[in-house]
Every structure is written in C-alpha cells, then in structure tokens.
1. Starting from residues that are over 23 Å from A:A98 (Cβ atoms) and in contact with a Lys or Arg (Cβ under 8 Å, 6 or more places away or on another chain), keep the ones in the range A:38-69 and report whichever is nearest to DNA strand C (Cβ to nearest atom).
2. Would you please list the contacts, defined by Cβ atoms under 6 Å and residues six or more apart or on different chains, that run from a residue in the range A:136-155 that is without any contact (Cβ under 8 Å) to a residue 40 or more places away in the chain to a residue that is assigned to a loop (DSSP other than H, G, I, E, B)?
3. In the range A:27-42, which residues are near DNA strand D (Cβ under 7 Å from one of its atoms) and either at pLDDT 95 or above or touching a Cys at 6+ places or on another chain (Cβ under 9 Å) (or both)?
4. I'd like to know if the range A:97-106 contains one or more residues that are open to solvent by 60 Å² or more (accessible area, probe 1.4 Å) and farther than 21 Å from A:R21 by Cα.
5. Are any residues in the range B:74-111 farther than 13 Å from B:V191 by Cβ and basic (K, R), and if so, which ones?
6. Among the listed residues A:K134, A:K176, identify the single one that is at pLDDT 95 or above, open to solvent by 10 Å² or more (accessible area, probe 1.4 Å) and either of a type in the set (D, E, K, R) or not in a helix (DSSP H, G or I) (or both).
7. Within the range A:75-95, can one find any residue that is more than 14 Å from the chain's Cα centre (by Cα), surrounded by 20 or more Cβ atoms within 10 Å (Cβ to Cβ), within 14 Å of chain B (Cβ to nearest Cβ) and away from DNA strand D (no atom under 16 Å from the Cβ)?
8. Does the range B:1-37 hold any residues that are away from DNA strand C (no atom under 13 Å from the Cβ), polar (S, T, N, Q) and within 27 Å of A:N112 (Cα to Cα), and which are they?
Number of protein chains: 2
Amino acid sequence: MQFESDTRSRILSTARDLFHRRSYADVGIKEICDLAKVQKGSFYHFFPSKQDLASTVIDDMADDWAHGFVAEAFDQELPPLERLDYMVDAAYFWQKAAKDLEGRMPGCLFGNLALEISTRDDVLRAKLTSVFEKASEKFFETLEEAVTLGVMAPLDTAATATAMLAFLEGVILLAKTRNDPEVVRILGPAVQTIRIELPSPH
Amino acid sequence: MQFESDTRSRILSTARDLFHRRSYADVGIKEICDLAKVQKGSFYHFFPSKQDLASTVIDDMADDWAHGFVAEAFDQELPPLERLDYMVDAAYFWQKAAKDLEGRMPGCLFGNLALEISTRDDVLRAKLTSVFEKASEKFFETLEEAVTLGVMAPLDTAATATAMLAFLEGVILLAKTRNDPEVVRILGPAVQTIRIELPSPH
DNA sequence: AATATAGTTGACTGGTTGGTCAAGTCAACC
DNA sequence: GGTTGACTTGACCAACCAGTCAACTATATT
C-alpha cells in the first residue's frame, strides 16, 4: 500500500475538476471513472457513495485552498489591508486563467456546491459551513490586526469578516453568471469598504 | 381557450417551487407532473423541453419579483437610502417565512440557478444575466438619487450598484449554507457601506 | 509454497431520466 | 351534424443513473 493510491487520487482530482466546472448532479460516476481511467468497481472500492466522494472532494479542495492561495493572501508578513487586495487579485487571476483555458468561469467550488446541495444534504451543508467559517476567520484575524495597528477604525470585526466573505462569494457569483472575470477585478476591491459598526454603547 | 390554461400555470408554479427549493437537475419532469396533477403528455404540449420550462420559470419569477417586493422596496416615495434597508428587510422576511414553513432556506432562485447551470446552458445564463442587470439598475437609480439629494458623497454609481447586488446575493448564499436567515438580517444592512469611488481625475 | 489482503475488472441490476406518440376527449365554429 | 384544433391520456422508449458483485490479479507476509 502506498501513501495514497494513484487510482484514488486520480478519481479525486477528476471529480473535483468536473464538480467545479459543472455541478454535482450533472456529473455522473461513470463519467468520472471514464476520465480518470478507472473501473466502476474500483471507484466503489475507494468511495462508498457519490455523497462520500463529494465530501472528500470538499475536504481535499479546502485543504489545497488553505495551504495554497489563502495562506499566501493572508500572509502575516503583509500589511492587513493588502491581504484583502491580494485575496481579490488571486481570485481574479484564478478565474481568468480557468476561463482562458476552458472558456468558462467555474466560480467558487464551495459556493457552487453550497447553493446546489445545501437544501438536500445536511452532511455536506455542514461541511461547507465549516469551510466558510474557516475562511471568515482569516478575514477576522486580518481585521483585528488592522484595528490594532490603527489603520482601520474600530468596528464589529466578526460580523464584518463574514460580510466580506459574503461579498466575495457574491462577486464571484455575478462574474460567473456573466462569464466575465473582469467583474471580480472591478467590484472586488470594494471589499475594503464594507463595515459593520460595533453595537453602540449606552 | 382561456387567457392562461390552468394546467399550464399549475405546471409553472409547481416547477418554480421545486426548482427554488431544490435545484434544476434534482427535479424531474415526472415529479413536477405528479405534484401538479398533470400527465406527461400534457406537459410536453405546453413546454417543448425541460430547458424551455426553466426559461419560462425564470421569466415568470422575474416578473413577479419586479412587480412584487422589488417594486415596493424601490418605491420612489421612499428616501433612497431607506430603499436599501427595505430590500434587505424584504429578503430577510421572505427567507425566514420560507424557512419557518418548510425548514429550509431556499435562497435566491436566480442565484441558485445561475451557479448551477450557467456553465452548462448559455441561453439560461443570458436570461439570468439580464435579470441581474435589471436588479442592478434599480440600485443604480437609487444611488444616483442619493447622490443628487446629497445624502451620499459622489461615487461610481454604476459599479457600486452592481457591487451591492453582489453583496446581497453573497449574503443570501452564506445564509442558505448555514440555513439561517438571521445572517441576512445581521450582515444585510452593511450593503449601505459599500462604495466604489469614481476614477480619480488627478 | 501457502495464505491473506489490497486493488481491479466488467458485466449486471433496478430504477429513473427526458422525451415521444398514437389514440382519444371536448368545446367551438361552420 | 360534421369538422377543426386545442388539450389530455398513459403506455412506451432508449439512454442513463448510482450502486452491486463474483471473479480475478498483484503483492506482501508467514
């Protein structure tokens, strides 16, 4: 037994790619197997069900994400407000690259899956909630630091962090609908203007 | 022949409801027919295909929407900034009502469909783009008025309008993922803080 | 060499999918 | 009373779906 069977990881990356470019319901296991050059039975040797595959895909992508450009964007070395710009830039370049390559803006895998399956599958919904939660925490830390450094007036950092994440998801949604990554570049930077004030004292 | 055949409108409202609560791919024509108490053949008498049904559902919902709470929220009588609050309130109450009734937050039908099918069907994607375009125009008019009245400092009204729409869609996406309409109530009002400045004259 | 186990193969199942169609019903009009 | 055309009926279809399975191979352990 290897660290990670080649077959398994081939299934995983193919599924991730197809789920991202199309949707959960629209991609069948047969198609995944064909593209990954794997037999049906082998698939079910590694994954008990399609739902379980989706669950693993989410974990897998969340991992890559956290160790990839999210880690880069939220680099502690960068001044806090620049991290927000970095995040927007990274989203723009990624979406643009995908569009240039395949003609279509795939959007955010997590956002896509969330809207598609969160009314049908509570297990996956919970998983996606926690992915968003973790992303929101990165924004939170960034805002806390910005406030501490005095580059941002005090505000409700927790709520604002979530609002910023929501904004980015919304921008990507709109950009995907227009199939135009430029939407991300134009609207994205406004993430810095979003503010939710602290509950007023007295 | 009536103004609108009862059968047709029964199919339409059933489909709209199911597509909204679940998804396009997850709802089959048989299920729509069963719930609408209509035979398969009758369905295909009125709609040439499932795609055409979806197209009609989008038009139908966009119409109801434009003449319903969007018309109310963007009422010319209201001060411009209050219209934004009204919009958020309306979204909150609608989502909350749906959740109280069925246990699930359905989110925004347009947003849901956009992420699910816009990489697969350009006809429907174009239709959704125009729905968002129209909504964005309402924000645009509101911002223009706010600037004219002097209650808002001059800014890039067109870009900000789209950004505000994106924000609301993102907030609803996150709320749906958490299955918690309160997210809309808490984050929604921050829509007023979003600003995209005019290109600097220098 | 014998055994155990991880991985692979591809045919198979029962159910569902979007969509078709020939045969019919019914009300309106000539 | 005959004809037209909108509407309805339900059986039917090929393709596809997620998932199963018994037989097989390859490798590692004893």
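1. At the first step, the residues of the range A:38-69 found to be over 23 Å from A:A98 (Cβ atoms) are A:38-52, A:55.
In the following step, the residues that additionally are in contact with a Lys or Arg (Cβ under 8 Å, 6 or more places away or on another chain) were identified as A:38, A:40, A:46, A:55.
Numbers: A:V38: 6, A:K40: 4, A:F46: 7, A:S55: 19 Å.
Ranking the candidates gives A:K40 first.
2. Correct list of pairs: A:V147/A:P154.
3. Applying the first criterion (near DNA strand D (Cβ under 7 Å from one of its atoms)) to the range A:27-42 yields A:27-31, A:40-41.
Answer for the range A:27-42, where residues must be near DNA strand D (Cβ under 7 Å from one of its atoms) and either at pLDDT 95 or above or touching a Cys at 6+ places or on another chain (Cβ under 9 Å) (or both): A:V27, A:G28, A:I29, A:K30, A:E31, A:K40.
4. Pass one, the range A:97-106, residues open to solvent by 60 Å² or more (accessible area, probe 1.4 Å): A:99-102, A:104.
This time we only want the ones that are farther than 21 Å from A:R21 by Cα, so: none.
The answer is no, given that none of the residues of the range A:97-106 is open to solvent by 60 Å² or more (accessible area, probe 1.4 Å) and farther than 21 Å from A:R21 by Cα.
5. Residues of the range B:74-111 that are farther than 13 Å from B:V191 by Cβ, as a first pass: B:74-79, B:93-111.
Of everything in the range B:74-111, those that are farther than 13 Å from B:V191 by Cβ and basic (K, R) turn out to be B:K96, B:K99, B:R104.
6. Details: A:K176 fails: open to solvent by 10 Å² or more (accessible area, probe 1.4 Å).
One residue alone meets the criteria, A:K134.
7. The answer is yes, given that some residue of the range A:75-95 is more than 14 Å from the chain's Cα centre (by Cα), surrounded by 20 or more Cβ atoms within 10 Å (Cβ to Cβ), within 14 Å of chain B (Cβ to nearest Cβ) and away from DNA strand D (no atom under 16 Å from the Cβ).
8. Answer for the range B:1-37, where residues must be away from DNA strand C (no atom under 13 Å from the Cβ), polar (S, T, N, Q) and within 27 Å of A:N112 (Cα to Cα): B:S13, B:T14.
The values are calculated or read from the model by the stated rules, or taken from the named source; none is laboratory data. Fair warning: this is a prediction, and the values are worked out from it, not measured in the lab. Don't worry about glycine lacking a Cβ; one is built from the backbone with ideal geometry, like all the others, and counts go over all protein chains shown. For the accessible areas, the whole protein counts, side chains as well, though only heavy atoms, and no ligand, DNA or RNA atoms are used. Shrake-Rupley method; radii C 1.70, N 1.55, O 1.52, S 1.80 Å.
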